[in-house]
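To start, the structure under review is shown below, and the notes come after it.
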Amino acid sequence: MATGKPGYTLVESLEDAHIDSINCLAFNPNGSYFASGANDGTVCVFSTDKTSELRRYQSDFAIDAIVWDGRYERTLLVGDRSGDVHTIRIGSSEVDDRIWREHISGGSIYAMAARGLLLAISCGNNVHLVRAGAPSSWTSQSVLIAPPTFPELVEPLSPPVASCLQFMSDEMLLVTYVEHGIVAYSPAHLDIIWQIRPRTCRIGASHAFGDKIVASNLYDGLDWYLIQQTMFGAPTRLTHTTSITLDLQENVILPVKYIHGGAAVLVGGTNGAARIFNTTDGSRHQLLSHNDGRPQILTISPSLHF
């Protein structure tokens, strides 16, 4: 490991929190808590300083999406496969906990992202944009227009499925579709700003930082893209810059996140280990292996505070 680069050591393993595969993890805004959701319908909330379980909640359906409401330190938003979004307010004691539930029509919830009063939800073949009022209610709901297809393709694309959502700013929501590429939407006008066709046929997940986007494809590894603004206020365009090939045992969606202020990327794996890559030259910085024989890293959640 090169000198001066942050290194990681295993602090603790939290075992037996769930009895089925963990699908999502998320730190709260100040890094004092993190939550996990699993196929068994359980949602667990942990303290990061004591690495102890604080709360446990149960849904009737598998949990695939978790985000913390950035406006409130202890408000958790949870999406399940029935299309329900649970708003959980975590109190200082068990009797203070409150849970509200809203239903989004259209099928399973795959991903969510929150920014201020806005909540984006990938549900079935649509992306819903919700403007929140009080933590217990949503005042309005819109559905983003479907992404364009690529007319030069011989075979038609499958119905759109958004696997990843990210608010770049108040003016831009980044939506990663499995087959329709990465699309930037305007939350205010609900229209498309730009669309990028991936280098490979399909994309699993993506994450943006500044003018860079890294995407885990469903083919051979990672792709980097650069957002470029052309002269005279012309529309934004994206160019593919470089790729990293990974040794993948299965063709699954790999989570990916920028860390270290954009200097590195953390990516899941299919062999029980996560990897950290340097974004400057693509070299591998560290291998985070658990050595327990479990095959897939399905979800990761880096925190700037922890």
Check your understanding: Tell me, what is the FRET efficiency for Ser105 and Ser158 to the nearest 0.05, using R0 = 30 angstrom and their Cβ-Cβ distance as r?
Key -> 0.90
Review point. What shape does the stretch 67-116 have by the C-alpha gyration tensor, where a ≥ b ≥ c are the square roots of the eigenvalues, rounded means a/c under 1.5, and otherwise prolate means a/b greater than b/c and oblate the rest?
Key: oblate
Exercise for review: Would you mind getting me the FRET efficiency between Thr9 and Asp281? Use the beta-carbon distance for r and R0 = 35 Å, nearest 0.05.
Suggested key: 0.90
Review point. If we count every other residue with Cβ under 13 angstrom of Asp60's Cβ, Lys/Arg +1 and Asp/Glu -1, where does the sum land?
Key: -1
Revision key, fill the gap. Rounded to the nearest 0.05, FRET efficiency between His260 and Glu73 (Cβ-Cβ, R0 25 Å) equals 0.50
Practice item. Give, in nm to one decimal, the length gained when the segment between Ile192 and Asp60 is fully stretched (0.36 nm per residue of separation minus the Cα-Cα distance). Key: 44.0 nm
**Study point:** Of the GluC sites (Glu not before Pro) in the stretch 65-140, those whose Cβ has at most 14 other Cβ within 10 Å and which sit in DSSP loop
**Key:** Glu73
Practice item. At 25 °C and 0.890 mPa s, grab the translational diffusion coefficient of the stretch 67-211 from Stokes-Einstein with a Kirkwood Rh over Cα pairs, rounded to a whole number in µm² per second. Key: 153 µm²/s
Check your understanding: Mind ordering 172-179, 52-59, 7-14 by average Cβ neighbours within 10 Å, highest first?
Key -> 172-179, 52-59, 7-14
Exercise for review: May I ask you to give the solvent-accessible area per residue for the stretch 108-175, in square angstrom, as obtained with a 1.4 angstrom probe?
Suggested key: 46 Å²
Review point. How big is the equivalent ellipsoid of the stretch 45-128 along its three axes, where each semi-axis is √(5λ) from the Cα gyration tensor, reported in whole Å from largest to smallest?
Key: 23, 14, 11
Point to revise | Amide N of the stretch 56-84 lying under 18 Å from the label point, which is placed 7 angstrom from the Cα of Val143 along Cα→Cβ | key: 82-84
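The values are calculated or read from the model by the stated rules, or taken from the named source; none is laboratory data. It should be emphasised that the depicted structure is a prediction, and the values quoted were computed from it without experimental measurement. Note that each Cβ is placed from the backbone with ideal geometry, even for glycine, and that neighbours are counted across all protein chains shown. Just so you know, the surface numbers come from the protein's heavy atoms only, side chains and all, with ligands and any DNA or RNA stripped out. Shrake-Rupley method; radii C 1.70, N 1.55, O 1.52, S 1.80 Å.
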